[in-house]
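In what follows, a structure is listed as structure tokens, so that the remarks can point back to it.
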There are 2 protein chains.
Amino acid sequence: MKIVRDRLSKAIDSGCVNLTIFGSEFQMTIDFTHLYSYRARNLVASEIREILKLMTDPEIISFAGGMPNPDTFPTSIILEITEELLLQPPSETLQYGITEGQTSLRSTLADLMEKRGAPCEPENIVVTSGAQQGIDLASQLLLESGRTVITESPTFIAAIIGFRGYGADIHGIPLDREGIVIDLLDDRLKKHARSDSRPTMVYVIPNFQNPSGVTMSEGRRRSLIDVANEHDLVILEDDPYYDLRFEGDHQKPVKAFDDVGRVIYAGSFSKILSPGLRIGWITAAEPVARKIAMIKQTVDVCTNVLSQGIANEYISRGHLERHLPKIRELYGHKRDVMLSSLEQNFPDGATWTRPEGGMFLWVELPEAMDTDNLQKHALERKVAFVPGRLFFPDGSGKNTMRLSFSHPAEDKIKVGIARLGEIIREELKEG
Amino acid sequence: MKIVRDRLSKAIDSGCVNLTIFGSEFQMTIDFTHLYSYRARNLVASEIREILKLMTDPEIISFAGGMPNPDTFPTSIILEITEELLLQPPSETLQYGITEGQTSLRSTLADLMEKRGAPCEPENIVVTSGAQQGIDLASQLLLESGRTVITESPTFIAAIIGFRGYGADIHGIPLDREGIVIDLLDDRLKKHARSDSRPTMVYVIPNFQNPSGVTMSEGRRRSLIDVANEHDLVILEDDPYYDLRFEGDHQKPVKAFDDVGRVIYAGSFSKILSPGLRIGWITAAEPVARKIAMIKQTVDVCTNVLSQGIANEYISRGHLERHLPKIRELYGHKRDVMLSSLEQNFPDGATWTRPEGGMFLWVELPEAMDTDNLQKHALERKVAFVPGRLFFPDGSGKNTMRLSFSHPAEDKIKVGIARLGEIIREELKEG
């Protein structure tokens with residue numbers, strides 16, 4: 001007991017102490033939040049994570065998650081490739097890799113970018129630990145306190161949290177059916193030109209945008225480049241859903257219209273192979289790619305080498321091309337079921353997007369509705385979604401919601417949407 | 001040609017243009033370094049990387065790399081575990097994981113920490129993409145421009161580059177045979193107490209330190225905690241080599257003497273399983289672990305789930321315990337060969353450490369020697385090492401060098417050290 005008392009008094013001498021009692025044990029921890037960096041103090045927990053934590057109940061029909069459907073994971077192909085990779089000289093697959101990414105995968109990704117309409121050299125590619133790391137590395141490159149980043153509004157929650165974590169201000173520009181409204185963007189940038197916190201980056205998700213499901217038209221993509229050139233800023237193009245197109249023709253990436261290296265393109269294998277393998281990439285002008293690799297070197301040395309090998313063989317052996325139709329069919333059907341369920345169950349005054357691909361659609365309810373409230377009632381009735389407010393940098397959008405159709409079975413989609421429609425009607429009646 | 005001219009003039013209008021000519025093709029890229037963040041501008045390429053690039057010649061005997069020997073990779077065990085993991089419901093292994101790390105691996109790591117003498121709960125663990133990410137996340141938590149970090153001198157190059165990248169000043173404290181010299185550390189901290197750039201963190205590698213091979217004594221470990229308590233700073237304990245002990249008894253981590261949660265411990269699987277799988281972990285007080293997970297969430301969502309599964313089964317099925325003796329024997333022999341080669345070939349006035357584990361030893365040559373010069377001559381004679389200067393935050397140590405014994409075959413070690421000895425003798429003669 002004396003030791004404990006000595007330790008305790010020593011601890012108390014040296015700062016603020018938290019005492020946690022577990023039965024007869026206790027844990028003392030110094031509070032050293034006063035030593036945290038500005039960045040660490042700025043970072044907040046993701047509200048969506050907290051919502052997802054509520055959903056341990058397997059009876060809940062969830063339209064909340066952003067996870068791909070595990071039925072789309074090509075397990076046996078992954079296993080087959082892994083066996084071959086591991087039986088090769090192990091110095092390759094199990095050893096430290098190259099920070100920029102394995103040479104073979106970078107070549108394969110340069111070919112993939114050419115197929116997408118934005119040809120590049122392997123030197124323009126940096127393999128990342130998922131597209132999230134691509135977004136983060138671009139943020140580290142361009143953002144800091146006093147900088148502004150322009151996003152679509154609504155936009156990807158993790159991007160909002162990430163950008164804020166670097167101390168950047170975020171200005172959201174509304175979307176319409178063709179994507180980010182260029183005139184509003186241009187106006188905003190002209191205003192900013194006369195202010196201190198000059199935007200350095202505009203962040204867009206041109207295909208089947210998360211959360212709205214909207215796809216940017218080719219005209220807008222071209223205009224976006226013009227605006228970025230005029231106002232001297234970098235475009236961060238986040239394109240994780242490119243291959244999940246169920247209908248219509250592929251659109252060339254914004255990067256395809258970029259003659260001068262203004263676009264940093266972030267791609268991902270999470271939706272076409274597996275998110276657990278954490279493989280993405282960025283494509284950028286060579287000096288930018290080199291600088292990003294320099295940051296990555298200090299951040300995690302290199303991306304998982306086994307996963308890089310799996311991703312490379314998955315594409316170069318033609319598995320991706322053969323597997324994509326299955327993924328598209330699965331998600332396309334689910335979207336159709338959700339759209340017809342919405343048509344049948346949601347009241348007049350509710351509108352929604354009709355995405356040509358991806359995993360999400362976006363609902364606007366009558367002005368009076370509050371989807372935070374709705375979410376509480378829905379959870380009681382075992383249905384989950386994400387309130388739209390979370391996707392707006394300015395916290396607006398109280399009457400909106402994101403519905404993900406990638407995960408639940410088709411009959412669950414029908415039941416879940418019917419229940420949601422019922423709750424909405426009830427709330428509208430109560431006024 | 002008109003299009004090209006239009007594009008070019010548009011590009012020139014909008015900023016500084018780099019023109020690169022490839023045959024008849026050319027690539028224009030805007031120089032947007034003026035948009036880079038302070039952090040991005042601060043980061044420099046690793047000189048050690050440049051040295052390693054020189055070594056594509058397979059005839060070179062390299063004591064330069066810090067890579068584990070691929071003969072230590074348990075390939076067939078990894079393959080066996082992977083097969084089982086992939087045949088389980090794929091939602092687990094291929095899906096997004098938990099940011100803090102998979103529950104099973106966190107439990108296993110809590111047990112491992114208990115075996116190392118620093119018991120903790122799974123809630124104290126965050127799985128990272130290698131120990132490098134552990135160092136980086138701790139840096140993000142505590143460092144920024146205007147902050148100071150204290151390190152051992154010499155210390156790990158990637159830590160120096162990483163800390164500088166966050167704008168922190170680095171002050172190195174000399175090592176002796178027992179590790180960091182606590183009196184000098186205490187003096188330095190007392191001086192800093194009266195200055196603006198207050199240290200927030202002290203970074204140490206207590207076991208078989210990279211680059212010196214020195215192990216910190218238990219007395220120093222205890223004193224380090226006292227000093228950190230007195231001066232209110234966080235200890236970042238980097239312990240990637242713990243299990244690579246060839247002789248003597250395991251030392252308890254600094255974390256074992258930490259009653260109040262001042263130590264962030266960074267562990268790694270890179271040297272005992274595989275670096276290509278990129279698995280490490282941090283152990284920290286619960287609120288600190290939570291904050292670090294919050295940062296990790298925005299940085300890369302989660303660590304590779306397949307690799308986490310492999311690491312977990314590798315330990316919990318007892319493979320690690322069975323495999324470690326082989327790794328230790330391999331490295332222990334190589335160290336012995338290097339030590340006796342040094343004894344036979346290096347001139348009087350040269351001294352070196354005798355590490356009880358790890359992958360490196362450290363040589364001090366007579367004052368007059370310059371190992372940058374030596375490195376050039378050695379490369380001509382097909383031997384490589386890393387000049388010691390790179391490991392000193394203040395760029396001193398011109399007469400020192402790091403020799404890695406983990407990789408070359410034993411006969412290559414003999415030949416390489418003999419050649420080095422010869423070159424050193426020649427240079428000493430020339431004066």
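At-a-glance table
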item	result
Residue among A:Arg419, A:Arg389 that is within 20 Å of the chain's Cα centre (by Cα) and of a type outside the set (Phe, Trp, Tyr)	A:Arg389
Residues located in the stretch A:139-156, provided they are more than 9 Å from chain B (Cβ to nearest Cβ) and buried (at least 20 other Cβ atoms within 10 Å of the Cβ)	A:Thr148, A:Val149, A:Ile150, A:Thr151, A:Glu152, A:Ser153, A:Pro154, A:Thr155, A:Phe156
Residues satisfying the stated conditions in the stretch A:340-369, i.e. in a helix (DSSP H, G or I) and buried (at least 17 other Cβ atoms within 10 Å of the Cβ)	A:Ser341, A:Leu342, A:Asn345
Matching entry among A:Gly117, A:Gly97, A:Gly101, A:Gly165 (being touching a residue at least 60 places away in the same chain (Cβ under 8 Å), more than 10 Å from every other protein chain (Cβ to nearest Cβ) and over 20 Å from A:Ile235 (Cβ atoms))	A:Gly101
Among the candidates A:Ala266, A:Ala193, A:Ala228, residue that is aliphatic (A, V, I, L, M), surrounded by fewer than 19 Cβ atoms within 10 Å (Cβ to Cβ) and within 14 Å of another protein chain (Cβ to nearest Cβ)	A:Ala193
Flag if B:Ile60 is modelled with pLDDT under 75 and not small (Gly, Ala, Ser)	no
Verdict on A:Asp372 being among the acidic types (Asp, Glu), within 22 Å of the chain's Cα centre (by Cα) and outside the structural domain of A:Gly134 (by TED's automatic domain parsing)	yes
Answer from A:Gly309, A:Gly261 - the residue that is at the interface with chain B (Cβ under 10 Å from one of its Cβ atoms), within 30 Å of B:Ala158 (Cβ to Cβ), assigned to a loop (DSSP other than H, G, I, E, B) and small (Gly, Ala, Ser)	A:Gly261
Filtered residues of the stretch B:131-162 (kept if farther than 14 Å from B:Ile235 by Cα and in contact with a His (Cβ under 7 Å, 6 or more places away or on another chain))	none
Which listed residue, of B:Glu364, B:Glu356, B:Glu329, B:Glu343, is under 22 Å from B:Phe63 (Cα atoms), of a type outside the set (A, V, I, L, M, F, W, C) and within 20 Å of the chain's Cα centre (by Cα)	B:Glu356
Among the candidates B:Glu286, B:Glu321, residue that is free of Cβ contacts under 8 Å to residues at least 24 places away in the same chain and either in contact with a helix residue (DSSP H, G or I) (Cβ under 6 Å, 6 or more places away or on another chain) or not hydroxyl-bearing (Ser, Thr, Tyr) (or both)	B:Glu321
Sole exception among (1) touching a residue at least 60 places away in the same chain (Cβ under 8 Å); (2) small (Gly, Ala, Ser); (3) within 30 Å of A:Asp249 (Cα to Cα) for A:Ala409, by number	(1)
Residue in the stretch B:162-175 that is farther than 23 Å from B:Gly134 by Cβ and either among the hydroxyl-bearing types (Ser, Thr, Tyr) or modelled with pLDDT of 95 or more (or both) present	yes
Residue in the stretch B:317-325 that is more than 22 Å from the chain's Cα centre (by Cα), exposed (fewer than 15 other Cβ atoms within 10 Å of the Cβ) and outside any helix (DSSP H, G or I) present	yes
Tally of residues being closer than 9 Å to A:Leu273 by Cα, outside any helix (DSSP H, G or I) and more than 8 Å from chain B (Cβ to nearest Cβ) across the stretch A:69-83	1
Where B:Pro89 falls short, out of the listed (1) at the interface with another protein chain (Cβ under 8 Å from one of its Cβ atoms); (2) within 25 Å of the chain's Cα centre (by Cα); (3) surrounded by fewer than 21 Cβ atoms within 10 Å (Cβ to Cβ)	(2)
Flag if A:Pro211 is of a type outside the set (Lys, Arg), modelled with pLDDT under 95, touching a Lys or Arg at 6+ places or on another chain (Cβ under 8 Å) and on the phi < 0 side of the Ramachandran plot	no
Boolean, A:Arg222 is surrounded by 19 or more Cβ atoms within 10 Å (Cβ to Cβ), basic (Lys, Arg) and farther than 18 Å from A:Thr155 by Cα	no
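Rundown of residues vs (1) under 17 Å from the mean Cα position of the chain (by Cα); (2) within 14 Å of another protein chain (Cβ to nearest Cβ), yes/no style:
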{"position": "B:Asp186", "(1), (2)": "no, no"}
{"position": "B:Arg198", "(1), (2)": "no, yes"}
{"position": "B:Ile205", "(1), (2)": "yes, no"}
{"position": "B:Asp238", "(1), (2)": "yes, yes"}
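The values are calculated or read from the model by the stated rules, or taken from the named source; none is laboratory data. Everything numeric in this text was worked out from a predicted model, so none of it was measured. So basically every Cβ, Gly included, is an ideal-geometry build from the backbone, and we count neighbours across all protein chains shown.
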